[in-house]
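Peer 1: Have a look at the structure that comes next, please.
The values are calculated or read from the model by the stated rules, or taken from the named source; none is laboratory data. Just so it is clear, the model here is predicted, and its values are computed rather than measured. Neighbour counts run over all protein chains shown; Cβ positions are idealised from the backbone, glycine included. Heavy atoms of the whole protein, side chains included, go into the accessibility calculation; ligands, DNA and RNA do not. Shrake-Rupley method; radii C 1.70, N 1.55, O 1.52, S 1.80 Å.
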Amino acid sequence: MIKFIKIDEDSRVPKYQQIVDSIIFNVANGNLKIDQKIPSINILSEEFYMSRDTVEKAYNILKERKVISSIKGKGYYITRTKLISKVNILFLFNKLSSYKMATYNAFVNGIGANSHTDLHIYHCDETLFLNLLDKYKNDYDYYVIMPHFKTDSLKHISYTDEVVKAIKSLPKEKLVIMDNIKLGMDGEILEVYQDFENDIYQALSEGIDKIAKYKKLILIYPENAIYPYPRRILIGFKKFCIENSLNFEIHNHVYADMILKKGDLFITIEESDLVNLVKQIRDDELVLGKDIGVISYNDTPLKELLGITVISTDFKVMGETAARMILNGEKGKIKVPFNFIDRNSI
């Protein structure tokens, strides 16, 4: 076992880190097997003429990463042989969707092969989120968190006191807040975010020339969705309509047999509402993009294929930006571009 530990006296890398790197390298290479015993702190310190504190620090790091474990009276053993990498990342999503996965895939591609990213979904549920964070709070080098939660009445909320307390218990240098930054976090952390209120306002403003030809704007905002949406979307929409003197309505969903009138422009958020709306437009023999306009929130490849105009965050850029900032050791807040993408549906 001793032969696998390489200590370079001339290296600028601290000796405790050289021990950590040596053991992880040999675990990854298969030289060290699960349940294999490794030298005690005393033996390793004597072999390499190091202090016990140096070896103990290395072993504590390896224990935190769950690479080794200690059994009282017996010593230290290898406990993890898979997924050893220089950077281990926990990704906590509030829900699964095509655009969230676009962010995740862009992040994984950007962070590179020299890391491992675990994905967990907490379904906007505070209790599940807190349990996951508590379970894995010492296991990862970075924690990438998308904070979106729901109340008992299915309203969107960015955080609770318990959520903020749990997130603040993580070392700031390990913390990456993505998508929603209404947590009130202080200090130098990494944040890549949407500005829901101003994003929808600015994006609709980009398309004002086409939007203004419609007689009424109708936002389909799902008030009690399983995965609720920030009310800042609603606020930004109202602000846009009022400032541009546009007639508007807001509904929870697309109703069966919804009354459609020429000159209506619908903005949908959930894909089920988009599908139901387009079907009704066809059934009523109305022309999409001429008689009835449709804008969808959040772009997907299918919407692009079908020629649906969208207002959307660039989810690929969101993932790439977070990965780049981690790799470069950057901190601070970066807002992701939010675009009006004009297609054939208005």
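Peer 1: Can you go through Tyr193, Tyr214, Tyr229, Tyr201 and tell me which one is crowded, with 17+ Cβ neighbours inside 10 Å and touching a His at 6+ places or on another chain (Cβ under 9 Å)? Can you show your working first?
Peer 2: Values: Tyr193 fails: touching a His at 6+ places or on another chain (Cβ under 9 Å); Tyr214 fails: touching a His at 6+ places or on another chain (Cβ under 9 Å); Tyr201 fails: touching a His at 6+ places or on another chain (Cβ under 9 Å).
Selected residue: Tyr229, the only one of Tyr193, Tyr214, Tyr229, Tyr201 that is crowded, with 17+ Cβ neighbours inside 10 Å and touching a His at 6+ places or on another chain (Cβ under 9 Å).
Peer 1: Being over 21 Å from Asp195 (Cβ atoms), surrounded by fewer than 17 Cβ atoms within 10 Å (Cβ to Cβ) and within 17 Å of the chain's Cα centre (by Cα) is the filter here; which residues of the range 159-172 pass it?
Peer 2: The initial filter retains those residues of the range 159-172 that are over 21 Å from Asp195 (Cβ atoms), namely 160-162, 165-166, 168-172.
Next, from what is left, pick out any that are surrounded by fewer than 17 Cβ atoms within 10 Å (Cβ to Cβ): 160-162, 165, 168-169, 171-172.
Across the range 159-172, the qualifying residue is only Lys172.
Peer 1: Applying the selection to the range 52-84, what residues are in contact with a Phe, Trp or Tyr (Cβ under 8 Å, 6 or more places away or on another chain) and open to solvent by 50 Å² or more (accessible area, probe 1.4 Å)?
Peer 2: Lys57, Ser70, Ile71
Peer 1: Next question. Among the residues of the range 284-304, which ones are under 17 Å from Val254 (Cα atoms) and open to solvent by less than 70 Å² (accessible area, probe 1.4 Å)? So that I can check it myself, show each step before the final result.
Peer 2: The initial filter retains those residues of the range 284-304 that are under 17 Å from Val254 (Cα atoms), namely 284, 286, 288, 292-297.
Within the range 284-304, Leu286, Leu288, Ile292, Gly293, Val294, Ile295, Ser296, Tyr297 meet the criteria.
Peer 1: Further, regarding this structure: Taking only the range 232-264 into account, find how many residues are over 31 Å from the mean Cα position of the chain (by Cα), surrounded by 14 or more Cβ atoms within 10 Å (Cβ to Cβ) and touching a residue at least 40 places away in the same chain (Cβ under 8 Å). Reasoning before the result, please.
Peer 2: From the range 232-264, those over 31 Å from the mean Cα position of the chain (by Cα) are 242-249, 255-264; that's our starting set.
Narrowing the set further to residues that are surrounded by 14 or more Cβ atoms within 10 Å (Cβ to Cβ) leaves 244, 246, 248, 258, 260, 264.
Among the residues that remain, those that are also touching a residue at least 40 places away in the same chain (Cβ under 8 Å) are: 264.
The number of residues fulfilling the criteria is 1.
Peer 1: While we're here: In the range 265-283, how many are farther than 21 Å from Ile233 by Cβ and either modelled with pLDDT under 95 or open to solvent by less than 20 Å² (accessible area, probe 1.4 Å) (or both)?
Peer 2: 1
Peer 1: Being closer than 17 Å to Asn298 by Cβ and not assigned by the TED database to the domain that holds Tyr99 is the requirement here; does Ile267 meet it? Give the steps one after another, and end with the answer.
Peer 2: On the way: closer than 17 Å to Asn298 by Cβ: yes; not assigned by the TED database to the domain that holds Tyr99: yes.
Considered against the rule, which asks whether it is closer than 17 Å to Asn298 by Cβ and not assigned by the TED database to the domain that holds Tyr99, Ile267 comes out as yes.
Peer 1: Now a separate question. Mind telling me which of the residues Leu96, Leu128, Leu119 ends up being without any contact (Cβ under 8 Å) to a residue 40 or more places away in the chain, closer than 28 Å to Ile269 by Cα, assigned by the TED database to the domain that holds Ala166 and assigned to a loop (DSSP other than H, G, I, E, B)? Step through it out loud before you land on a result.
Peer 2: Details: Leu128 fails: assigned to a loop (DSSP other than H, G, I, E, B); Leu119 fails: assigned to a loop (DSSP other than H, G, I, E, B).
Result of the check over Leu96, Leu128, Leu119: Leu96.
Peer 1: If you go through the range 1-51 one residue at a time, how many are surrounded by 13 or more Cβ atoms within 10 Å (Cβ to Cβ) and assigned to a helix (DSSP H, G or I)?
Peer 2: The number of residues fulfilling the criteria is 21.
Peer 1: Report, ordered by the first and then the second residue, all pairs with beta carbons closer than 7 Å, sequence separation of six or more or different chains, a first member in the range 36-53 that is closer than 18 Å to Lys74 by Cβ, and a second member that is open to solvent by 40 Å² or more (accessible area, probe 1.4 Å) and in a loop (DSSP other than H, G, I, E, B).
Peer 2: Pairs found: Ile38/Met1; Pro39/Met1.
Peer 1: Checking His156 against (1) of a type outside the set (Lys, Arg); (2) touching a Ser or Thr at 6+ places or on another chain (Cβ under 9 Å); (3) touching a residue at least 24 places away in the same chain (Cβ under 8 Å); (4) open to solvent by 10 Å² or more (accessible area, probe 1.4 Å), only one condition comes out false. Which one?
Peer 2: Unmet condition: (2).
Peer 1: Quick one: which of Tyr136, Tyr122, Tyr159, Tyr142 is at pLDDT 95 or above and of a type outside the set (A, V, I, L, M)? Steps first, please.
Peer 2: Details: Tyr136 fails: at pLDDT 95 or above; Tyr159 fails: at pLDDT 95 or above; Tyr142 fails: at pLDDT 95 or above.
After ruling out the rest, the residue left standing is Tyr122.
Peer 1: I need the full set of residues from the range 140-153 which are surrounded by 14 or more Cβ atoms within 10 Å (Cβ to Cβ) and either over 14 Å from the mean Cα position of the chain (by Cα) or within 24 Å of Lys331 (Cβ to Cβ) (or both), in order please.
Peer 2: Answer for the range 140-153, where residues must be surrounded by 14 or more Cβ atoms within 10 Å (Cβ to Cβ) and either over 14 Å from the mean Cα position of the chain (by Cα) or within 24 Å of Lys331 (Cβ to Cβ) (or both): Tyr140, Asp141, Tyr142, Tyr143, Val144, Ile145, Met146, Pro147, His148, Lys150.
Peer 1: Moving to a separate point now. Taking the condition at pLDDT below 95, open to solvent by less than 10 Å² (accessible area, probe 1.4 Å) and of a type outside the set (Asp, Glu), does Leu219 pass?
Peer 2: On the way: at pLDDT below 95: no; open to solvent by less than 10 Å² (accessible area, probe 1.4 Å): yes; of a type outside the set (Asp, Glu): yes.
For Leu219, the condition - at pLDDT below 95, open to solvent by less than 10 Å² (accessible area, probe 1.4 Å) and of a type outside the set (Asp, Glu) - is not met.
Peer 1: Based on what the data block shows, is Leu327 of a type outside the set (S, T, N, Q), at pLDDT 95 or above and at negative phi?
Peer 2: Working: of a type outside the set (S, T, N, Q): yes; at pLDDT 95 or above: no; at negative phi: yes.
Here the answer is no, as Leu327 does not meet what is asked.
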